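First comes the structure, then the notes that go with it.
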Amino acid sequence: MFLKRDYFEKKRKAFLIINTLYKTMFRAFPFQTDFFNHEIPLLKRKQSAFAIEDLPGLWRLHWQLGQITIFSTFYTRIDQACLLWGIISIIIFLTAQFAPIDWATQAFFWSGLTLLGTGAMIKLSEKWATIEPLNHIISAWIFLMLAGLVLTDLSIFWGWAPILTQLPLLWLALNAFGYLYTGVKMRSRAFLLICFVHLLAIATLSYVGVWQFLETGIVIGLSAVLLAELQWDSSGVCANHPLGEKP
C-alpha cells in the first residue's frame, strides 16, 4: 500500500516537473514570430559526402559497391567535436556504471580525457572563436565542462556527498543548460528539443535506480552523436558565416 502510494507520488512530481519545464522552455520564446524559421527542418539526414563544399578539416565518408551507394556522409569540424564528446561521454558514464574501478582512479583518467576533449573542441572550433554568437556558445560549453569537471573531482577527493551522489543530475543539468543556451543563441529548435530530452532524463532519474549513470551516458552521448550525424536548423545563423571563411 505504501509502495503504491510512493509510486504515484513520484509519478505526480515527475509530471509537475515536466509540465513546468515545458511551459518554461516552449512558451517563453516567440514561436509565432520569426525567431525560429519553421521552413527549415528541425533535423534532417545529410544528403551525401559530396553535398557540401570543401571546407578546412572536412571529413568525407563514401562507401560504394558498383553503382550502389552503401553509406555516404560528411563531418564538419563542429560535427567532429560533437562526435568526440559523444564518444567520451559514453565511455565515461558506462565505465562508471559497469567497471569495478574505484572513484579516485576514474576521476584521474576521466579528468585527463575531459581536458583532452576540451582542448580538441577548442582546436576544432578555432575558426568560430571571434564570430558572434558562435564564440559565446563555444565559451559557454568550455565553462560548463570545466565547471562540471572541477565539481566532480572535488566531490570525489573531498568527499562531498551531496554532489557525489548526484553526479548524473549534475552532468545532465550542465548539458541541458548548454543546449538551452545554444538553442536560443542559434535560434535552433533542434538544440531546444535536445535540452528538453535532458530535462526529461533528470525527471526520470529516480525511476531508474542504480542505472542512473547508464541513462546519463546514453542521453548525453547519443545526443551529441545525433547532432554529428544529422543536419540541424540554425535559422540562418551558421549560413551567415560560411565555415570556409576566416573570421
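Does the range 46-102 classify as rounded, prolate or oblate by the C-alpha gyration tensor (a ≥ b ≥ c root eigenvalues; a/c under 1.5 gives rounded; else a/b over b/c gives prolate, otherwise oblate)? Provide the component values of the computation, followed by the final result.
Details: a/c = 4.78, a/b = 2.04, b/c = 2.34.
Oblate, since a/c reaches 1.5 and b/c is not below a/b.
May I ask for the equivalent-ellipsoid semi-axes of the range 102-168, computed as the square root of five times each C-alpha gyration tensor eigenvalue and listed largest first in whole Å? Mind showing how you got there, number by number?
On the way: eigenvalues 159, 35, 8 Å².
They are 28, 13, 6 Å, listed from largest to smallest.
Over the residues of the range 133-173, compute the C-alpha Rg and express it relative to 2.2 N^0.38 Å. Walk me through the intermediate numbers first.
On the way: Rg = 12.1 Å, N = 41, 2.2 N^0.38 = 9.0 Å.
Compactness ratio reported: 1.34.
Where does each of 127, 44 land when they are ordered by accessible area, with a 1.4 Å probe and the largest first?
Values: 127 45, 44 90 Å².
Result, largest first: 44, 127.
Dividing the Cα convex hull volume of the range 85-235 by residue count, how many Å³ per residue is that? If you can, show how the numbers build up before the last one.
Working: hull volume 15.7 nm³, N = 151.
Convex hull volume per residue, Cα atoms: 104 Å³.
Set the Förster radius R0 to 25 Å, insert the Cβ-Cβ distance between residue 139 and residue 166 as r into 1/(1 + (r/R0)^6), and round the FRET efficiency to 0.05.
On the way: r = 26 Å, r/R0 = 1.03.
The pair residue 139/residue 166 has a calculated efficiency of 0.45.
Between residue 42 and residue 71, take the C-beta separation as r, use R0 = 22 Å, and let me know the FRET efficiency to the nearest 0.05. Present the calculation step by step, with values, prior to reporting the outcome.
Values: r = 23 Å, r/R0 = 1.06.
For R0 = 22 Å, the calculated efficiency reads 0.40.
The values are calculated or read from the model by the stated rules, or taken from the named source; none is laboratory data. Since we're looking at a predicted model, the values are computed, not measured. All Cβ positions, even for glycine, are placed from backbone atoms using ideal geometry, and neighbour counts span all protein chains on display. Heavy atoms of the whole protein, side chains included, go into the accessibility calculation; ligands, DNA and RNA do not. Shrake-Rupley method; radii C 1.70, N 1.55, O 1.52, S 1.80 Å.
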